[in-house]
1. For the range 57-105, what is the Kirkwood hydrodynamic radius in Å, using each pair of distinct C-alpha atoms?
2. With the Cα gyration tensor of the range 65-161 in hand, give its eigenvalues times 5 under a square root as the equivalent ellipsoid semi-axes, listed largest first in whole angstrom.
3. When only C-alpha pairs under 8 Å and at least 6 residues apart count, what is the relative contact order of the chain, in percent?
4. Ignoring everything except DSSP H segments at least 4 long, calculate the 222 nm mean residue ellipticity for the chain; use -39,500 (n - 2.57) per segment, divide by total residues, nearest 500.
5. With a length cut of 30 Å (Cα positions projected on each helix's long axis) and a Kyte-Doolittle mean of at least 1.0, go through the chain and give me the DSSP H helices that pass.
6. By how many nm would the segment from Lys135 to Ala93 grow when fully extended, if each residue of separation counts as 0.36 nm and the alpha-carbon distance is taken off?
7. Using a 10 Å cut-off on Cβ atoms, rank the peptides 86-96, 70-80 from the highest mean neighbour count down.
8. Per residue of the range 84-97, in order, report the coupling 6.51 cos²θ - 1.76 cosθ + 1.60 (Karplus, θ = phi - 60°) as ³J(HN,Hα) in whole Hz, putting x for Gly and Pro.
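Laboratory data are not the source of any read-out in this text; all were calculated from the coordinates shown. The structure displayed is predicted, hence computed values, not measured ones. No Cβ is skipped: glycine too gets one built from the backbone with ideal geometry, and neighbour counts run over all protein chains shown.
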Amino acid sequence: MKPLKVFGSIIVCLILILVILRITGLDPHGRMPGLWLSGNLVTTPVTDWSFVTPHPIDQVQTRSWYLLPHSVNTNFVVLNGQVYLTSVFQADAPFPGSKGWTSNIIRDPRVRLKFGDQLYDCRLIPVTDPAILEKLLPLANEKYPGMRKAYADKTSTVHFFQAIPL
């Protein structure tokens, strides 16, 4: 009977912690992932993402297979008013499986993006068009010089995802 009470208490505590985190959010910090993103949800459709250009990074919240959100900090660029998230994969790391957030996007493309204090519900679509990729890579190299070296050395591959507002 005592082990059942202990187990029940642990479950109740975990549920309370998740409820508190759901209310307060748990944004990612640096390279440490988070859960729910906190901020103000913008419900008006975005047609031109140029206003996010000054932000150094964005945050993206994906839907994990284990039913809890998974959020990370990512790099992004804006091309012709459209926003594209970047993900760098080392030469020996398989795409998308070596990163949780990219695996989540391939399985379920619905995400929540955060720029500053604003949240946007979107779908992320992998960019495969060579003509668009040819334009995106120089933008990413200019904004994030570390990416340029990794790509030039052929030690990494950069993948881009276009955000489509829901």
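1. Numbers: mean 1/r = 0.0840 Å⁻¹.
Evaluated over the range 57-105, this radius sits at 11.9 Å.
2. Numbers: eigenvalues 94, 59, 31 Å².
Gyration-tensor ellipsoid for the range 65-161: 22, 17, 12 Å.
3. Once normalised by length, the contact order is 22 percent.
4. Details: 4 runs with 53 residues, N = 166.
Per the formula, -10000 deg cm²/dmol.
5. On the way: long enough: 2-24 (33 Å, 2.09).
The answer, listed by residue number, is 2-24.
6. On the way: separation 42, 0.36 × 42 = 15.12 nm, distance 2.42 nm.
Separation in residues times 0.36 nm, less the Cα-Cα distance, equals 12.7 nm.
7. Values: 86-96: 14.7, 70-80: 19.5.
Those peptides, ordered most packed to least, come out 70-80, 86-96.
8. Couplings: 10, 7, 10, 8, 9, 10, 5, 4, 8, 9, x, 9, x, x Hz.
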